[in-house]
Every structure is written in C-alpha cells, then in structure tokens.
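Right, I'll just put the structure down here and ask away after.
What follows draws every value from the coordinates through simple rules; no lab data is involved. These figures come from a predicted structure and were not determined experimentally. Using ideal geometry, Cβ is built from the backbone for each residue, glycine included, and neighbour counts are taken over all protein chains shown.
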Amino acid sequence: MSQPFVVSIPHKLGQAEALHRLQGGLTRAAASFPVLQIDEEQWSGERMTFRVRALGQAASGFVDVAEDHVRLEVTLPWLLQKFAEVAQAVIRKRGDLLLEKK
C-alpha cells in the first residue's frame, strides 16, 4: 500500500465559508483537467470523500474542512505517485485561489 498524498491549505474564511466555496469544487477542477474523471464526490458534514480516475488509474481520498485550514488526503496508485509533486503544487495554488479572503 502506498503512502497517502497530503496537502494542507491554510485559510482565514472560517469553516462555513470554506465549505461553501469548496462544495462542488472537485467537479469544477476536473473540468480544467481533461485526464481527470470524477467517479464519486460525497459530502458528509465538513468531510468530502471522493474517487477519481486519471490516466486509467483510480485514486480515492477525502477533504476535511476546518476553521483555519483544508486538508486533502489521497491514496495514489504507483503510476500516479510519479505525478504527486506536480499535483501538490497545482492543488495548493488552486486551493489558495479558491480560499483567499475576498
């Protein structure tokens, strides 16, 4: 089993506003990445669980929304682990844009 891929993004929005901005965000993000297909996106309180496919490989994980940060954890198959560093930078940048205080 591979190590989980974790990204933590700080924010100053509070939990309710961060949840509001993130709900449906995975589907919107997938529209920007044609190789990413969403199999499942389900919210329960402040946690979203999901399953996605990229390059024919499946990955699953969750997003936890807290008062001052969002934590994404994904278990990646071996092939997708090779793209983890690039993905981490992209996720952090997009997350920062989505969660910046306006």
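Mean shadow of the chain, computed from the convex hull of its alpha carbons, in nm²?
Projected area, direction-averaged: 6.1 nm².
OK, next. Tell me which aspartates and glutamates have Cα within less than 12 Å of Lys12's Cα, excluding those fewer than 8 residues away on the same chain?
Glu67, Asp68, Asp96, Glu100
I want the local charge near Val63. Using Cβ-Cβ distances under 11 Å, sum +1 for each Lys or Arg and -1 for each Asp or Glu among the other residues.
-2
What are the ³J(HN,Hα) values, in whole Hz, obtained from phi via the Karplus relation 6.51 cos²θ - 1.76 cosθ + 1.60 with θ = phi - 60°, for each residue of the stretch 63-71 in sequence order, with x given for Gly and Pro?
Per-residue couplings from phi come out as 10, 10, 9, 10, 4, 10, 7, 10, 10 Hz.
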